[in-house]
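S.K.: Before I ask anything, let me first share the structure, which is written out below as structure tokens.
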Amino acid sequence: MSFIELNGLRKLCKNERYSIRDFCDVIDLFKFGIRENPWKKLGEDGFTDGKARMEKRVKGQDAAIEKAMDVLTRAMTGLNGLQHSSGMKPKGVMFFAGPTGTGKIELAKTMAECVFGDESACIRFDMSEFSQSHSDQRLLGAPPGYVGYEAGGQLTNAVRNRPFSILLFDEIEKAHPSILDKFLQILEDGRMTDGQGNTVYFSECVIIFTSNLGIYTLDAQGNRVANVSPDVPYSEVSRQVRCAVERYFKLDLGRPEILNRIGENIVVFDFIRPDIAVAILNAQLNKISINLKTEHKLNLSYSDEAYRFLLEKALGNLENGGRGIGNVVESCLINPLARYLFEHLEMHSIHIKGIEEMDQQYQLIVE
């Protein structure tokens, strides 16, 4: 810190009557304007149910959940980045890679809920919006004299307003390469100076990148073909995807230093296998039943025939992951159920005996 910042700390200690033993709390108050550090509070209260809460919301991704727990545990115990000279690194850095619809964003939201008690603490940035070289001004703020200088940057404003958060950069490969250079200082020093000259600290954030790199590749004719498939075991999927991510940063992008700062925190999500698809379908059907009971005081049940129909449709749409299962439930169940409820608002219970497909629509057989 500069002499001016140290003098500010001295005055803050005097005004707030802080002891030297509480100097870490003084720094938190000076940097972030908070008196209670959520990371310390989480460490005192314990984190025994964190893994169970993640497994409840994210199905079939044991490796990713284990890595997430390691990152959060290091952050709570204050052991993150001790091997480096800089003590200002973010609380954790993770790179989520894997097929679409496998729970990458859901895991980030679950981590935010477990640590900060609210999903809104997961601040998401869609990196496809920053595909131009000048998009860094939207992210970090325009320099003096340019339009939007007073507004600041989306990223710096978000971290300044909520310094304790999880920053999710979705589909990072779609961002312009020059924007990725801005992350070098954030990942190394945990801080960034915006266009207005104000320093924003990232040392209390967990930074997560997501990507679909390695799932598809280009053949000799430039056609997009699958690089991995659900037919191969997870170990081979992980190896292929990790190799593709490393090749992208080292050869295609020419920025191995970014990959070096991510380190061994590349987490590959597995395909949604059939047994996991069954668990996801059951969870979604259970959620629908609970919501109907809460909102409309309705009891919803399914016959074996109706359940088998939904399961067959879900297993036939696994290439889209959990979202594909959700799409099947929406088209085959929710849409005809909504039509039926609209016509029979006084029902107290619904037993779905079967589902029929009629002219690209689905009709429920109920009693």
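Computed from the coordinates by the stated procedures, all read-outs in this text should not be read as laboratory data. Only a predicted model underlies this, so the values are computations on that prediction, with no experimental measurement involved. Every residue, glycine as well, gets a Cβ built from its backbone with ideal geometry; the counts of neighbours run over all protein chains shown.
S.K.: Would you mind checking Lys109/Lys313; Lys56/Lys250; Lys51/Lys89; Lys56/Lys293; Lys104/Lys313 for any pair whose Cα atoms are more than 31 angstrom apart?
M.R.: Those over the limit are Lys56/Lys250.
S.K.: Among bridges DSSP assigns within the chain, what percent are antiparallel (round to 5)?
M.R.: Antiparallel bridges: around 35 percent, rounded to the nearest 5.
S.K.: So which DSSP H runs in the chain come out at 15 Å plus along the axis (Cα) with average Kyte-Doolittle of at least -0.5?
M.R.: 3-16, 62-77, 104-116, 274-296, 304-315
S.K.: Still on this structure, I have one more. Label-point separation (nm) for Arg10 and Asp252, each offset 7 Å from Cα along Cα-to-Cβ?
M.R.: Output for this residue pair reads 5.4 nm.
S.K.: Along Cα→Cβ, 7 Å out, is where each label goes; now give me the distance between the ones at His176 and Asp275 in nm to one decimal.
M.R.: Placing both labels 7 Å along Cα→Cβ, they lie 4.8 nm apart.
S.K.: Report the gain in length on full extension from Gln154 to Lys51: 0.36 nm times residue separation, minus Cα-Cα distance, nm rounded to one decimal.
M.R.: Contour length minus Cα-Cα distance gives 33.9 nm.
S.K.: With a ≥ b ≥ c the root eigenvalues of the C-alpha gyration tensor of the range 36-268, is it rounded (a/c under 1.5), prolate (a/b larger than b/c) or oblate?
M.R.: Oblate.
S.K.: Suppose R0 equals 56 Å; then what is the FRET efficiency for Gln360 and Asp189 from their Cβ-Cβ distance, rounded to the nearest 0.05?
M.R.: Computed FRET efficiency for Gln360 and Asp189 comes out at 0.50.
S.K.: Relative contact order for the chain using alpha-carbon pairs under 8 Å, separation at least 6, rounded to a whole percent?
M.R.: Here the relative contact order equals 16 percent.
S.K.: Give me the one-decimal nm value for the distance between modelled label points at Arg261 and Tyr307, 7 Å along each residue's Cα-to-Cβ direction.
M.R.: 5.0
S.K.: Give the order of Leu140, Leu107, Leu253 when sorted by the count of other beta carbons within 10 angstrom, beginning with the fewest.
M.R.: Ranking Leu140, Leu107, Leu253 by Cβ neighbours within 10 Å, fewest first, gives Leu253, Leu140, Leu107.
S.K.: Follow-up question, since we're still on this one. Compute the signed sum of charges (Lys and Arg +1, Asp and Glu -1) over the other residues within less than 14 Å, Cβ to Cβ, of Phe309.
M.R.: -2
S.K.: A further question follows. Where the centroid of each part is defined by its Cα atoms, how far is the range 334-356 from the range 204-241 in Å?
M.R.: What the calculation gives is 41 Å, centre to centre.
S.K.: What fraction of the DSSP beta bridges in the range 164-271 is antiparallel, stated in percent and rounded to the nearest 5?
M.R.: 55
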